[in-house]
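Read the structure below first, then the notes.
Values quoted throughout were computed directly from the atomic coordinates according to the rules given, and no laboratory measurement underlies them. All figures in this text were calculated on a predicted structure; none of them were measured in a lab. Cβ placement follows ideal geometry from the backbone for every residue including glycine, while neighbour counts extend to all protein chains displayed.
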Amino acid sequence: MTTELPPEIAHFVDREDETAQVFEGLGEWTAPNRAFPVVLWGPAGLGRTELAHRIARTWCARTGGRVLTADLDRFRLRGRLDVGDVLGHLLTSLGVETLAARLDDRSRQYWRKTGDEPLILVLDNAKYGSEVTPLLPPSGAAVVILVSRGPLPDLADGTALEIALSSFPESVSLELLGLLVRDRRLAADPTAARELVRLCSGLPAALRAAGAWLRRNPLLPLSRLTAGLSAQFGEKGIAEVEPFWDETYKELRPASALLYRLLAGVPDISLTREAAAALLGLGDEACDDALQELNGAGFLDIRDLVHRENGRVRLPEWLGDHARRRARLDAADGELAEAQLRFVRWVLYQGQLADRFAAGPRLTLAEDVLEREGAPDALLENPAEAPDPAVAEARKLRAAQWLYEERHTLFACVRLAHARGWDDEAWQLSEPVWTFFLDHPHQTDVTEVFRTANESAVRAGNNIPAIVRTHCQLARSLWQSGRTEEAGDALRHAAAGAHMLGDSTRDAKLRASVVEFRGTLNGVRGDWPSAVQDFEECRGLHRAIPNPYGEMLLTYRLGEARLKLGDPESAVELLSLAHSVAVAQGRARMTGRTGLALGQALRLVGRSAEARGFVEASLEAARARSSDLGAAGALDVLAQVADDEGNMTEAEEHRDAAEALRRRHGLA
């Protein structure tokens, strides 16, 4: 058999799934006069060419077909592929001594020569589907493996498979590194070994560079080697692939190159299409063009954006340092800071919309951010503008889901704003985070987010209401995680600030809120008599303002406290009132919370049938808001109702479901 493949590399790992996809497709291929084309794509350094060669060798061994290769970059003149020269190269490899002079005649020569051949053709560095179409053999026994930086959409009708390569997981990275160096240091210090492969981000080229680094320094400990390699990668990149990445980058249009640099400068989060447009700041059409070009260059994979509603995109980890290096060389003064501020304010604006739509009118301190230009809004609609109550409720739930989906973006923007000294934006972002937190009280990182927002409010120094509010937020997240002493300290700071507030209605509501938080903390500590006193005082403050929502909330708090004190009859009366007001006010979350508490109280006074309806409605609402822990609480009460009714099987099912939800959050 004839093969033009170079010698096989010494160590090849993983890629079993990708290889299986190709061979499965080949086994099912039935076109008699059309080759089986496969596209392997991704940026340089992922082992695309090595995988193509491995597939070609295996198929060659199975079929006996000859293997031809061509690096298309060798046949480009000023970026344009000379198809005639490529055909000449392939025909010469096939044994043709006299080449036709004209392109169409040379094409016919190629078709005659390959029409019934079990040929395996590997074409490296393909850029466009249109340039490789003339190179496809007219034989169903042929396979063409195209290696490309990005997908080849203009070959879509003729592509049998299109496989985007990804980086290696940690286990595979450790396996490859162990094969490359067979070094005792890796087994002796597994923690340092894992840190080394994490530094390589699962990129085969980086792992091979790390292996060479280890071989050159046999006496140094892994920790020292990792530090040196980190500096090397950060400053100069991976020598084997950096020139290829630079070449790809330099071919980008200015807006695409700008987006590439900016994506490396945002926090470590994925972005929706609208968020990417906000970061770029040139409008949604310019952003779409840039995303498509980065996808074609292999720098981004936009399939999630294309195929999933609210899909997301992020710069692969191994390209982040390269984008930052290009930013050091190419970025205009203030480019990143301007984009980050624009992005933070866009997120704040969207967060305020989602907060208002999900929670309804409530006490907020931040002024509305002006609508941000240069990017479309998130897909949220105002419930108040819906004539149908069911549509309005669906819009509220969609807003709550947006807060859940974008929680990491909100958290990251609080941290970014604080780090940049944008203190007003940092504490203002805590308000939409708060609405999210009420549905997801055990979300990791949220305490640190509230602490950061509080530090920004204090650092700003001239907004007492913001200082009071963020201390209260921090206190709630602290006691939610069992840190009641720290929560008490935060509330003492909030109370001290409350004495400095003015006489406005907003300040009166904020003072009442501090009393409510104090009562809730007393309840968490088990001091329910003191909690009742605080809640009674707070309800009186809300009546005096007047604040119907606050009065309803404190009626609910008092009902819960009465339950804890063993007085379910009083609790039923209080919670029935709170629930009816929550329904009348259109407060979706409070309707669910009051309904659940009312269901608990009704069960305790022997009215289980009535309790079931309220608790099931609360469960449905929690699920609609993606509140796993709220759903778990409702399932607990449904299990108790089922016990009362003698339905032990149903009770066990509810308890198992509740535990599974808690286990998902590490709370089982």
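Convex hull of alpha carbon positions in the chain: directionally averaged projected area 37.1 nm². Cross-link reach is defined here as a Cα-Cα straight distance under 18 Å, omitting same-chain residues fewer than 8 places apart; for residue 236 the lysines meeting it are 250.
Taking each pair of different alpha-carbon atoms in the range 232-310 once, compute 1/r for the pair, average those values, and report the inverse of that mean as the Kirkwood hydrodynamic radius in Å to one decimal. Working shown, then result.
Working: mean 1/r = 0.0745 Å⁻¹.
By the Kirkwood definition, the hydrodynamic radius is 13.4 Å.
For the range 16-164, the calculated P(r), taken from all Cα-Cα distances in 10 Å bins from zero up to the bin holding the longest distance, is 11, 44, 36, 8, 0 percent. Placing pseudo-labels 7 Å out from each Cα toward the beta carbon at residue 154 and residue 565 gives an inter-label distance of 7.8 nm. In the range 547-668, the ratio of gyration radius to Kirkwood radius, Rg to Rh, stands at 0.98 when only Cα atoms are counted. With the simple model of a label 7 Å out from the Cα in the direction of the Cβ, residue 505 to residue 8 spans 7.9 nm. With neighbour counts taken as other beta-carbon atoms within 10 Å, the residues 469, 664 rank, fewest first, as 664, 469.
Here the peptides 331-339, 277-285, 231-239 are ranked by packing, the mean other Cβ count within 10 Å, and the order with the highest first is 277-285, 231-239, 331-339. Rounded to the nearest 10 degrees, what's the angle between the helix 608-624 long axis and the longest principal axis of the chain, both from Cα atoms, 0 to 90? Result, in degrees: 40.
For the range 170-242, the ratio of Cα radius of gyration to the globular rule of thumb 2.2 N^0.38 Å stands at 0.97.
To test your reading of the geometry: what angle, between 0 and 90 degrees and rounded to tens, separates the Cα axis of helix 648-664 from the longest principal axis of the chain? Orientation of helix 648-664: about 60 degrees from the principal axis.
The C-alpha atoms of the chain define a longest principal axis, and helix 628-644 lies at about 60 degrees to it. Full extension of the chain between residue 605 and residue 107 gives 170.4 nm of extra length, using 0.36 nm per residue less the Cα-Cα distance.
Report the full-extension gain for the segment residue 545 to residue 530: residue separation times 0.36 nm, less the Cα-Cα distance, to one decimal in nm.
Numbers: separation 15, 0.36 × 15 = 5.40 nm, distance 2.31 nm.
Result for the pair: 3.1 nm of gain on full extension.
Along the axis of the charge dipole computed for the range 311-401 (Cβ charges of +1 for Lys and Arg, -1 for Asp and Glu, origin at the Cα centre), the listed residues 390, 323, 352 are led at the positive end by 323.
Using Cβ contacts closer than 10 Å as the measure, can you line up 75, 299 from fewest to most?
In order of increasing Cβ crowding within 10 Å: 75, 299.
Each 10 Å bin from zero holds the following percent of Cα-Cα pairs in the range 269-354: 16, 47, 32, 5.
Please compute, over every Cα-Cα pair in the range 192-278, the percentage with a separation greater than 14 angstrom.
Tail fraction, whole percent: 72.
Within the chain, antiparallel bridges make up roughly 15 percent of the DSSP beta bridges whose residues both belong there.
When the Cα positions of 495, 640, 264 are compared along the charge dipole of the chain, 264 comes out farthest toward the positive end, with charges on each C-beta of Lys, Arg, Asp and Glu. Put the Cα centre of the range 71-125 next to the Cα centre of the range 434-492 and the gap is 68 Å. The lysines whose alpha-carbon is closer than 26 Å to the alpha-carbon of residue 396, local same-chain residues fewer than 8 away aside, are 509.
Using a 10 Å cut-off around each Cβ, can you sort 63, 505, 226, 114 from fewest to most neighbouring Cβ atoms?
Values: 63 15, 505 11, 226 20, 114 23.
With the fewest neighbours first, 63, 505, 226, 114 line up as 505, 63, 226, 114.
Projected label points at residue 23 and residue 216, each 7 Å from Cα along the beta carbon direction, are separated by 3.8 nanometres. Compared with the direct C-alpha span, the chain from residue 253 to residue 573 gains 108.5 nm at full extension, assuming 0.36 nm per residue.
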